[in-house]
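What follows is a short report on a single structure.
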Amino acid sequence: MGDRQWLQLKCAKCGTDNPSKEDYDNNPMMNGVYYAPSSGFMDFKCRACGKINWIYDTYVSKIVETEEELKKLYKLNGFE
């Protein structure tokens, strides 16, 4: 089993904190963005604008423009 983390990240599109600082500080495991690359959890949907963000191993997000792009990113990481 690989590493897994609960993160607070800004949306690459609108800059909104996901989750808010207050929610994250209250309960990171319940409210945080779940990131577990070895298990295929490498993206999140922004709670404000609804855009899908790809999470890089440096904990930086990038907007995913299409479903095809998202599938390609997962395939490049070993998930078909």
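Restricting the search to region 23-80, which residues are more than 15 Å from the chain's Cα centre (by Cα) and touching a residue at least 12 places away in the same chain (Cβ under 8 Å)?
79
Tell me yes or no: at least one residue of region 36-52 is modelled with pLDDT of 95 or more, part of a loop (DSSP other than H, G, I, E, B), touching a Pro at 6+ places or on another chain (Cβ under 8 Å) and surrounded by fewer than 16 Cβ atoms within 10 Å (Cβ to Cβ).
Yes, region 36-52 contains at least one residue that is modelled with pLDDT of 95 or more, part of a loop (DSSP other than H, G, I, E, B), touching a Pro at 6+ places or on another chain (Cβ under 8 Å) and surrounded by fewer than 16 Cβ atoms within 10 Å (Cβ to Cβ).
Condition test on residue 25, is it at pLDDT 95 or above, among the acidic types (Asp, Glu) and surrounded by 13 or more Cβ atoms within 10 Å (Cβ to Cβ)?
No: the conditions fail for residue 25.
Which of the residues spanning region 1-38 are under 23 Å from residue 75 (Cβ atoms), in contact with a Gly (Cβ under 7 Å, 6 or more places away or on another chain) and of a type in the set (Ser, Thr, Tyr)?
38
Of the residues that sit in region 60-79 and are under 14 Å from residue 45 (Cβ atoms) and among the β-branched types (Val, Ile, Thr), which one is surrounded by the fewest Cβ atoms within 10 Å (Cβ to Cβ)?
If we take residues in region 60-79 being under 14 Å from residue 45 (Cβ atoms) and among the β-branched types (Val, Ile, Thr), then 63 is surrounded by the fewest Cβ atoms within 10 Å (Cβ to Cβ).
Inside region 1-18, can you point out the residues that are modelled with pLDDT of 95 or more, more than 11 Å from the chain's Cα centre (by Cα) and not charged (D, E, K, R)?
Result: 14, 15, 16.
The values are calculated or read from the model by the stated rules, or taken from the named source; none is laboratory data. Quick caveat, the model's predicted, so the values are computed rather than measured. Quick reminder, even Gly has a Cβ in these numbers, built from the backbone with ideal geometry, and neighbours come from all protein chains shown.
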